[in-house]
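The values are calculated or read from the model by the stated rules, or taken from the named source; none is laboratory data. In this text the structure is predicted, and so the values were computed from the model without any measurement. Please note: Cβ atoms are built from the backbone with ideal geometry, for glycine as well, and neighbour counts cover all protein chains shown. Just the protein is used for accessible areas: all its heavy atoms, side chains included, with ligands, DNA and RNA removed. Shrake-Rupley method; radii C 1.70, N 1.55, O 1.52, S 1.80 Å.
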Amino acid sequence: MSEQATTAVTARQQIDRMLRRKEVEAITGRSRSSIYDGIADGTFPKPVKIGARAVAWPESVIRAWIAERMEGGQA
């Protein structure tokens, strides 16, 4: 494989999977209203706009948020 092809494969592997709200609810155990309350008060990551009426969260951001809660013992 050429160096350019290897770089392209590596770049694709580093792209986060985007999680829609229902997946975020399932992973975090938070309800829809709890997620949006957390966004409003700055305690939950903001989503990324992926379309005219659609948002999603990068999986790494949600995993990092969970890890922070586990390290700090916060709920």
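Summary of values
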| item | result |
| --- | --- |
| Pick from region 47-75, criterion farther than 15 Å from ASP16 by Cα, part of a loop (DSSP other than H, G, I, E, B) and not hydrophobic (A, V, I, L, M, F, W, C), ranking: farthest from the chain's Cα centre (by Cα) | GLY73 |
| Out of ALA11, ALA75, ALA64, ALA56, sole residue that is modelled with pLDDT under 95 and open to solvent by less than 60 Å² (accessible area, probe 1.4 Å) | ALA11 |
| Pair list, Cβ < 6 Å and 6+ apart or interchain, from region 24-48 residues that are of a type in the set (A, V, I, L, M) to residues that are open to solvent by 50 Å² or more (accessible area, probe 1.4 Å) and not in a helix (DSSP H, G or I) | ILE39/LYS46 |
